[in-house]
Amino acid sequence: MKHIGITGIGTFLPDAIVTNNDLEKIVDTSDEWIRTRTGIEERRIANEAMDTSHMAVIAAKNAIMDAGLAAGEIDLILVATATPDFAFPSVATMVQEALEIPTTPAMDISAACSGFVYALVTGKQFIESNTYKNVLVIGSEKFSKILDWSDRTTCVLFGDGAGAVVLSEVSEGKGILSFELGADGAGGKHLLVNPKSNTVVMNGREVFKFSVRQLPESTLQVVENAGLTIDDIDLLIPHQANVRILDAAAARLGIPKDKISTSVRKHGNTSAASIPLALSYELEKGKIEDGDILVFVGFGGGLTWGSVCLRWGI
Ligand code: UT7
């Protein structure tokens, strides 16, 4: 049996930091409301010239370099995004062109905030089946372009950015131990992009209830699938939407708060990019050691959810 894990990681965050105080000047909100209701302190917003594909390319190049590979050694490109530059061509094919690796297969995966986990699991299957050796998995989002900047209930929540990983074979005992994916199309109406205005519309309370329920459930399931228990988790890296959701999940699972990443404070909700961005954030802080058990959990639009349990290291 093959062991498949993350052998390289790269990210990109736009330079421009937008604070809660900056948003007070645009909509009727306050730093106090945003901090207490979401935990978000600031987010990055990309400029006009920087679209989802541009951020994806930079994150991808960093990940390939970190893996010690040449771009030509990538066999498949998967991009999780809800904010592609165009309906088509896909962001993945734009990344392929920028990496100058013609003929390499490339496609986008649409599962909103769960997209990175869906893409990771998809990439794993291709390596497991001996089809490909190295799969580039990217989460890239420019949510700022689909926000109604006069709607305080949504515009304060999101941020832009990209994260990428290289998936390859790793040594025995390391890498992805289990996964779990799911969806509830009936809940899709609670979080969508209005086709007329092309802006995000969310029933925050319904999505909040779903998230607080599904994050712990999916975590329990993926840990059980790996033959482990909650106590074995060294760091839980969920999709970063709201610190209150993360706190509620920690309480339900009986996990100490310092075992859950809360990078949403600095990035806002970056949708499909949030998990690789959080992973990189925790690595930089030295919170992840070789052999640690990590759990990624995505949840969001669709409604969709998914988790991956892995032992860190190559
Ligand atoms: O990434 C996909 C997953 N997404 C999520 O998981 C998001 C889930 N939902 C949430 O995180 C929360 O529901 C929100 C952060 C979106 C909202 O928090 P809440 O505690 O559920 O607030 P609420 O919607 O119940 O609104 C409470 C009040 C309302 O005023 P009234 O009706 O009580 O007078 C809102 O109009 O807060 C008001 N409000 C604001 N006030 C100041 C809503 N947004 C703002 C704002 N600033 N930005």
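Which net charge results when you count Lys and Arg as +1 and Asp and Glu as -1 among the other residues whose beta-carbon is under 10 Å from that of His54?
Values: positive: Lys142; negative: Asp51, Asp85.
That works out to -1.
Shape class of segment 224-314 from the Cα gyration tensor (axes a ≥ b ≥ c, square roots of the eigenvalues): rounded, since a/c falls below 1.5. Couplings for segment 112-120, taken from phi via the Karplus curve 6.51 cos²θ - 1.76 cosθ + 1.60 with θ = phi - 60°, read 6, 5, 8, x, 5, 5, 4, 5, 4 Hz in order; Gly and Pro are left as x. In straight-distance terms, cross-link reach from Lys196 covers every one of the lysines whose alpha-carbon lies under 25 Å from its own, apart from those fewer than eight places away in the same chain; here that gives Lys142, Lys145. Protein heavy-atom surface of segment 175-311, 1.4 angstrom probe: 48% of the accessible area is carbon and sulfur, with nucleic acids and ligands not counted. Near Ala106, the amide H atoms lying under 5 Å from its own belong to Ile77; only residues 5 or more places off or on other chains count, and H is placed 1.01 Å from N. Summing charges over all other residues whose Cβ lies under 11 Å from the Cβ of Val27, with Lys and Arg as +1 and Asp and Glu as -1, gives -3.
With a ≥ b ≥ c taken as the square roots of the eigenvalues of the C-alpha gyration tensor of segment 161-314, please select rounded if a/c is under 1.5 and otherwise prolate if a/b is larger than b/c or oblate if it is not? Note, shape of segment 161-314 comes out prolate. Given axes a ≥ b ≥ c from the Cα gyration tensor, I'd like to know whether segment 4-169 is rounded (a/c under 1.5), prolate (a/b larger than b/c) or oblate. The shape class here is prolate.
Say the cut-off is 26 Å between C-alpha atoms; which of Lys124/Lys266; Lys189/Lys287; Lys61/Lys189; Lys61/Lys266 go over it?
Over 26 Å Cα-Cα: Lys124/Lys266; Lys189/Lys287; Lys61/Lys189.
Database remark: amide H of Ser178 closer than 5 angstrom to the amide H of Cys309 (H placed geometrically; neighbours at sequence offset of 5 or more, or on other chains; Pro and chain starts carry no H). Take the Kirkwood radius over Cα pairs of the chain, plug it into Stokes-Einstein at 37 °C and 0.692 mPa s, and you get 172 µm²/s for translational diffusion. Each residue of segment 158-173 was assigned a 3J(HN,Hα) from its phi angle through the Karplus expression (A = 6.51, B = -1.76, C = 1.60, θ = phi - 60°), giving 9, x, 10, x, 8, x, 9, 9, 9, 9, 8, 6, 10, 6, 4, x Hz with x at Gly and Pro.
When the chain is treated as a GNM with alpha-carbon contacts under 10 Å, the residue of Lys266, Lys145, Lys287 showing the greatest mean-square fluctuation is Lys287.
3J(HN,Hα) along segment 272-277, derived from phi through the Karplus expression 6.51 cos²θ - 1.76 cosθ + 1.60 where θ = phi - 60°, amounts to 5, 8, 5, 5, x, 5 Hz, with x in place of Gly and Pro. The residues of the chain expose, per residue, 41 Å² of accessible area to a 1.4 Å probe.
Over all other residues within a Cβ to Cβ distance under 10 Å of Arg44, the charged ones net out to -1, with Lys and Arg as +1 and Asp and Glu as -1. Taking the DSSP beta bridges with both ends in the chain, the antiparallel portion is around 70 percent. Under 5 Å between amide hydrogens, built in the peptide plane, is the criterion, and for Phe158 it picks out Asn269 among residues at least 5 positions away or on other chains.
The values are calculated or read from the model by the stated rules, or taken from the named source; none is laboratory data. Fair warning: this is a prediction, and the values are worked out from it, not measured in the lab. Note: ideal-geometry Cβ built from the backbone for every residue, glycine included; neighbour counts use all protein chains shown. Areas reflect the complete protein model, heavy atoms only, side chains present, ligands, DNA and RNA absent. Shrake-Rupley method; radii C 1.70, N 1.55, O 1.52, S 1.80 Å.
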